[in-house]
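What follows is a short report on a single structure.
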Amino acid sequence: MTMAPKKPRHHRDMLFDSVIALVFILVACVDLCDGATVVDVYRLIQYDMSGVPFGSRLASLNHHAASLHFSPHADLSRTVLLIPLRELNMSFVKEYIAESKPLGGLIILLPRMFSFENKDGTGSNHQDGSKELLKNVLAELEQILIHANLPYPVYFAFEDDNIDAVLTDIKKSDATGQPATATTGGYKFVVSAPEPKKVASPPLTNIQGWLAGLKMDDDTHQLPTIAIVASYDTFGAAPTLSVGSDSNGSGVVALLEVARLFSLLYSNPKTRGQYNLLFGLTSGGPYNYNGTRKWLRSLDQRLRESIDYAICLDSIGSWENELWIHVSKPPENAFIKKILEDFSSVAEELGFKVNLKHKKINISNPRVAWEHEQFSRLRVTAATLSELSTAPELLERTGGLVDSRHFVNEAAIVRSVKLLAESLARHIYGHQGKNVQIFADNSNLAVNPSYVRSWLDVLSQTPRVAPFLSKDDPFVMALKKELEDHTDEVNLQRDVLDGMFTFYDSTRTQLNVYQVASVTFDLLLLLVLGSYLIVLFSFLVITTRGLDDLISLFRRPPSRKVKTA
């Protein structure tokens, strides 16, 4: 059987295929733009409070970039501003937010010292004026942003060589008076992110540990209880950057160290006190201590009534000469006087001062300024130990962007732990008025700075905004395990954040930075390549088919009427 020979392809078909291939190459060349870099970015928090929207309401981004050196008359509605914190003009920010001026997007570049991955400068840095100035600027900016409704994407990123080089090029372009546009080219910032969705049933997880006191053989009454409490979660402008090293990482670290110290005492019946110790790590602190309220209401009524007093720990990691005890009951109250006497005498021996601040609570006002107020509302004596002399406003000083490891002094936490542990011990063992140091330095019961440092490092690298922590989050499980190592009957109390707050997801993504050529350049390239293709095509047709065939390609074919005739 013989096969028919294949017919050779027509020259015109071959030329047509060549032209099509070249056209595809041309389109690819024209549409191609250089990817400059990829940057991790952290979105400004998006939430509703009592139905009122706050924060950044969008996540996706696809605009040209500009710097603060843009033209005064420039239209920024399709522009992303890239602004380093070091160059931030606060009046500009207030103007654009207060007057709701149109803006395509905003990216704030933060110094590396605000990153929880930063390992340098872990001590106190109050002598460095420039760092303190940046801290104050960022604190002011954060409060402005979280209380504004911004109809465009707002992101934070950290300075590095790549993004700094991009910013330098953008500044040069802006300085010429030609901002990046589709006509002039420049840089394009692209964030591909889904539309933010509401966080359904944001979880609250409270962790409770217990050290039982020693009952005498003839004692049938329930032993009195002292509660040591600290809220562990945070709130800030960027949920994935809100680690709260001081507020309230320092309080959590102090609670864990006090639990460790008293577990050593209570492990021996000879040194076990006749007080129960209740340790509570609570959630929902920034939201009127919502988790604390739910935890207290879940306690057995007899246990709640057995509490002599509760000490709440809040922001004790960056103080120098004095601490404050905040109370709701009047200073004349017997328990309040006892607390103040114990703490004041120990503080004096340690070389600093403790002050008392009395603030009545208004039961009809839902605002809870201090954690101890949730105890007071249930008629339980309580106090808050803090470096702050006045209560912060709602969503203020709750472990935001400025609250990094860089600004916390672990020595301050060690002194706070010694104050708390010695004061509790004097009350438990009846050593009031005696200069007896149970937790003396260089003893088996001394405060362990290495333990404090290690847990402070962990907390300073762990964002803890409650709505974005799962109920079995590894960090929550780590806290539970640590309490289990030092206390008994550790359990979790899970609930849901309720009330006025609604949160949205999409908190971290990547920014793609593209360097794009101008349309003028694209058109010129298209013209040059198009001319080249026409000349090449004409040359190939003439050399293979002749000039007549080339001319015939451009002749109009005869009409049907002519053919029919």
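Please treat every number below as a calculation from the coordinates, not as lab data. All figures in this text were calculated on a predicted structure; none of them were measured in a lab. Backbone-built Cβ (ideal geometry, glycine too); neighbour counts: all protein chains shown.
Computed quantities for the displayed model
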read-out: Residues HIS358 and LYS471, FRET efficiency given R0 of 51 Å [Cβ-Cβ distance, rounded to 0.05]; value: 0.85
read-out: Over 20 Å between alpha carbons, listed pairs LYS337/LYS434; LYS215/LYS418; LYS337/LYS357; LYS135/LYS188; LYS338/LYS359; value: LYS215/LYS418; LYS135/LYS188
read-out: Low-density loop positions, trypsin sites (Lys or Arg not before Pro), region 207-292 - DSSP coil, at most 15 other Cβ in 10 Å; value: LYS215, LYS270
read-out: Acute angle (nearest 10 degrees) that the helix 334-350 long axis makes with the longest principal axis of the chain, alpha-carbon atoms; value: 80 degrees
read-out: Summed side-chain charge close to SER389 - residues other than SER389 whose Cβ falls under 9 Å, Lys, Arg +1, Asp, Glu -1; value: -1
read-out: Fully extended contour minus Cα-Cα distance, from VAL436 to HIS221, at 0.36 nm per residue; value: 74.5 nm
read-out: Rounded to 5, percent antiparallel among DSSP beta bridges of the chain; value: 50 percent
read-out: C-alpha long axis of helix 129-146 to longest principal axis of the chain, angle in °; value: 80 degrees
read-out: Cα-based shape type of region 304-395, given that a ≥ b ≥ c are square roots of the gyration tensor eigenvalues and the cut on a/c is 1.5; value: oblate
read-out: Tilt relative to the chain, helix 249-266 - C-alpha long axis, 0 to 90 degrees, to 10; value: 40 degrees
read-out: GluC sites (Glu not before Pro) restricted to DSSP loop in region 267-352 with at most 14 other C-beta within 10 Å; value: GLU320, GLU332
read-out: Residues in region 248-279 reached by a label modelled at ASN444 [backbone nitrogen below 12 Å; 7 Å Cα→Cβ]; value: 264-271
read-out: Estimated distance in nm for a label pair at LEU533 and SER454, the labels positioned 7 Å out from Cα along Cα-to-Cβ; value: 6.8 nm
read-out: Enclosed volume per residue, in Å³, of the convex hull spanned by Cα atoms of region 343-447; value: 138 Å³
read-out: Counting all C-alpha pairs of region 211-332, share separated by more than 18 Å (%); value: 61 percent
read-out: Linear extension gain, SER60 paired with MET90, 0.36 nm per residue minus alpha-carbon span; value: 8.3 nm
read-out: Gyration tensor (alpha-carbon) shape descriptor, region 223-290, a/c threshold 1.5; value: prolate
read-out: Pair ARG297, ARG112: separation of 7 Å Cα→Cβ label points (nm); value: 4.8 nm
read-out: Ratio of the Cα radius of gyration of region 363-511 to 2.2 N^0.38 Å, where N counts its residues; value: 1.28
read-out: All lysines inside 20 Å of LYS131 as judged from Cα atoms, apart from same-chain residues fewer than 8 positions distant; value: LYS119
read-out: Span per principal axis, largest first, for the Cα atoms of the chain (Å); value: 129, 71, 49
read-out: Expected 222 nm ellipticity per residue - DSSP helices of 4 or more, -39500 (n - 2.57), all of the chain, to 500; value: -11500 deg cm²/dmol
